[in-house]
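Some notes on the structure that comes next.
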Amino acid sequence: MAFKGFSKKVAHHKRLKKINKIIKNLEDTNSLKQNAISFGQQITNDWITISKSIRLKSEQQYGKILIETRLLMITAMTDLLVYKAGIPGNTNEQLGKILQLISIFYQGELYTEKIISEGQYVKASVAIKQEIEIITRINEIKKGVDKDGQTPNVKYAPPTFKLHYGDMNQIGHISQPDILSVLHSVNRDTFSAASITPIFNGNIAKNLYEIHLIIFYNIIRESIELFQQLYPEDLELVLPACKIFTIIVDCLKTAGIIKDNEPNS
């Protein structure tokens, strides 16, 4: 019994020493700050490693044709936007608004792809929702029904995007616990717990990626039409993008993302 009591005292003494050490470290503000920064950098590096690992899995899920299609899209858009950069065209308020929206899409495209491919599916749904709103606003502007200060009306979105918009809205508003559980929980033997790191889901990643590519495809069509209006005397401007666009359409048809009767120009 005496030995048992001594063991308790030893355990209690060790606990007190541990507490005193924690308090001492907390009192040393500079040391605490440096240790916390160092640990934060380590966590950041680990996070980057995890993201790279998820990206590799995502790209395997997409397949070569989808990845190459996106690269073709980037080239087509860049060719249009850079060729006449800084040279005024036959613009007006309507065309100026459309050009601004196209530029906003293109500036963010890299980051949308990144959060899709690195497992940030909730944030990706918000980004895709905004991309659908960009396309919708362009349609509103062309119809003359756009209203400053108001969210684009989804009824002006291309038909295939209306359902996607609702889905992205549900996920992005984080109002569906069942969906969030699928995206951000890990299942153990007897319980389910929230994960602090992204969880790869191949089907969701590919679905989001395909929606993003369809939006990108529509943006390129709008861009070609826009630049034909901006520079009617320099139609050779759009020829490279048009040729690449034809290849893009063939790739999307091969991947089964658009129908065979979809126009390629």
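The values are calculated or read from the model by the stated rules, or taken from the named source; none is laboratory data. Worth saying up front: this structure is predicted, and the values here are computed from it rather than measured. Here the Cβ positions follow ideal geometry from the backbone for every residue, glycine too, while neighbour counts run over all protein chains shown. The accessibility values were calculated without ligands, DNA or RNA, using every heavy atom of the protein model including side chains. Shrake-Rupley method; radii C 1.70, N 1.55, O 1.52, S 1.80 Å.
Okay, here's what the table says:
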{"read-out": "Of all residues in region 64-80 being touching a residue at least 60 places away in the same chain (Cβ under 8 Å) and open to solvent by 10 Å² or more (accessible area, probe 1.4 Å), the one that is farthest from the chain's Cα centre (by Cα)", "value": "Asp79"}
{"read-out": "In region 38-54, the residues that are under 30 Å from Thr254 (Cβ atoms) and either of a type in the set (Gly, Ala, Ser) or open to solvent by 50 Å² or more (accessible area, probe 1.4 Å) (or both)", "value": "Ser51, Lys52, Ser53"}
{"read-out": "Within region 216-251, considering residues that are open to solvent by less than 20 Å² (accessible area, probe 1.4 Å) and modelled with pLDDT under 95, the one nearest to Leu71 (Cα to Cα)", "value": "Ala241"}
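Rundown of residues vs (1) modelled with pLDDT under 95; (2) more than 28 Å from Ile224 (Cβ to Cβ); (3) exposed (fewer than 13 other Cβ atoms within 10 Å of the Cβ), yes/no style:
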| residue | (1), (2), (3) |
| --- | --- |
| Leu110 | no, no, yes |
| Lys114 | no, no, no |
| Gln130 | yes, no, no |
| Asn139 | yes, no, no |
| Lys142 | yes, no, no |
| Asp148 | yes, no, yes |
| Tyr156 | yes, no, no |
| Lys162 | yes, no, no |
| Asn169 | yes, yes, no |
